[in-house]
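Colleague: Sharing a structure with you now.
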Amino acid sequence: MEIEAVMGDITQEQVDAIVNAANSSLLGGGGVDGAIHRAAGPELLAACRPLGGCSAGQAKPTPGFRLPARWVIHTVGPVWHGGGGGEAHLLASCYRRSLEVADELGVQRVAFPAISTGIYGYPKEAAARVAVSTLRETPTRVKLARLVAFSPDQLSLYQDLLTVR
Ligand code: ADP
C-alpha cells in the first residue's frame, strides 16, 4: 500500500472512502466530524442512527451521500488521558479497523484525518507515529492511504515520518 500525505479538507477528497474521527454516539460532533456531516447532508445522520454507536478503536461504514467519496468509515479515537490508559493501542486499532472495513467494502483509496488530535487531545507527533506505523504494518488490499493534514505543521509531521523508515 502506498501512503501519502496532503494538506486539505478531507470532505473534498476524491477517494473511495474517507475516515471520520467520530465520537462514540456516531450522531455528529465538532471538528472533522461536523464538517463531514455538513458536507454529506442530513442523510448521513439518518444512516448513522441505526448503527447504535461505536466504541473507541472500532469502525463502521456508511455511504458518503453528497460527498465525493462513496463511503464514510466512522471510527472513534481514544480521548487522551496522559497515555497510560491504552490510548496508543486504541488509536492503532482505529487505523487497523478502518483498513479492515475498507477491505470489506472492496475499496482501493482511503483518506484519513489525524484521528484524536483535535478535541480528543492526543499529542500530534505521537499520533502521527501511530498512524504511519500502523498503516505500514497492517495487511490490506487497499492500494492508497492518504493522510489528510489540516495544517502545515501536521503535514510536515507526516512528511518527516514518511521519508524515513
Ligand atoms: P478528535 O475528536 O478525534 O480529536 P477532531 O475533529 O477534533 O477529532 O480533530 C481531528 C483532526 O482533524 C484534527 O487534527 C483537526 O485539525 C482535523 N480536522 C478538522 N477539520 C478537518 C477537515 N475538514 N479535514 C481534515 N482534517 C480536519
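The values are calculated or read from the model by the stated rules, or taken from the named source; none is laboratory data. Note that the structure is a prediction, hence the values are computed from the model and not measured. Backbone-built Cβ (ideal geometry, glycine too); neighbour counts: all protein chains shown. Calculation scope for accessible area: heavy atoms of the full protein, side chains included, ligands and nucleic acids excluded. Shrake-Rupley method; radii C 1.70, N 1.55, O 1.52, S 1.80 Å.
Colleague: Suppose a student asked you for the relative contact order of the chain, using Cα pairs under 8 Å spaced at least 6 residues apart; what percent would you report? Mind dumping the intermediate values first?
Modeller: Details: 345 pairs, mean separation 51.6, N = 165.
Dividing the mean separation by the residue count of the chain yields 31 percent.
Colleague: Report, in deg cm²/dmol and to the nearest 500, the calculated mean residue ellipticity at 222 nm for the chain, where each DSSP H run with n ≥ 4 adds -39500 (n - 2.57) and the sum is divided by the residue count. Could the numbers behind the result be given before it?
Modeller: Values: 5 runs with 62 residues, N = 165.
Value at 222 nm, helices only: -12000 deg cm²/dmol.
Colleague: Could you check how much of the accessible area of the range 23-115 is carbon and sulfur, as a whole percent, using a 1.4 Å probe?
Modeller: Working: 2130 of 3940 Å².
Accessible surface attributable to carbon and sulfur in the range 23-115 totals 54 percent.
Colleague: Still on this structure: At a Förster distance of 25 Å, what's the computed FRET efficiency of residue 141 paired with residue 43, Cβ-Cβ distance as r, to 0.05? Please report the intermediate quantities before stating the final value.
Modeller: On the way: r = 28 Å, r/R0 = 1.11.
That gives a FRET efficiency of 0.35.
Colleague: How many nm is it between the label spots at residue 103 and residue 153, if each spot is 7 Å from the Cα in line with the beta carbon?
Modeller: So the two model labels end up 3.6 nm from each other.
Colleague: I need the phi-derived Karplus couplings for the range 84-97: 6.51 cos²θ - 1.76 cosθ + 1.60, θ = phi - 60°, integer Hz, Gly and Pro marked x.
Modeller: Each residue's phi maps through the Karplus curve to give x, x, x, 4, 5, 5, 5, 5, 4, 4, 4, 5, 5, 5 Hz.
Colleague: Could you state the number of Å between the C-alpha centres of the range 104-130 and the range 83-101?
Modeller: 9
Colleague: Please work out the average accessible area per residue across the range 74-165, using the 1.4 Å probe convention, and give it in Å². Each step should come with its number before you reach the end.
Modeller: On the way: 4400 Å² over 92 residues.
Roughly 48 Å² per residue, with all protein chains present.
Colleague: Rounded, prolate or oblate: which fits the chain, taking a ≥ b ≥ c as square roots of the Cα gyration tensor eigenvalues, rounded meaning a/c under 1.5, else prolate when a/b beats b/c? Write down the numbers at each step before the final one.
Modeller: Details: a/c = 1.43, a/b = 1.22, b/c = 1.18.
Rounded is the answer for the chain, as its axis ratio a/c remains below 1.5.
Colleague: Counting DSSP beta bridges in the chain, what percent are antiparallel, to the nearest 5? Spell out each step's value before the answer.
Modeller: Values: 5 of 23 bridges.
Given both bridge residues lie in the chain, the antiparallel proportion sits at roughly 20 percent.
Colleague: Turning to a different aspect of this structure: Probe 1.4 Å, all protein chains in place: accessible area of residue 55 in Å², nearest 10?
Modeller: 70
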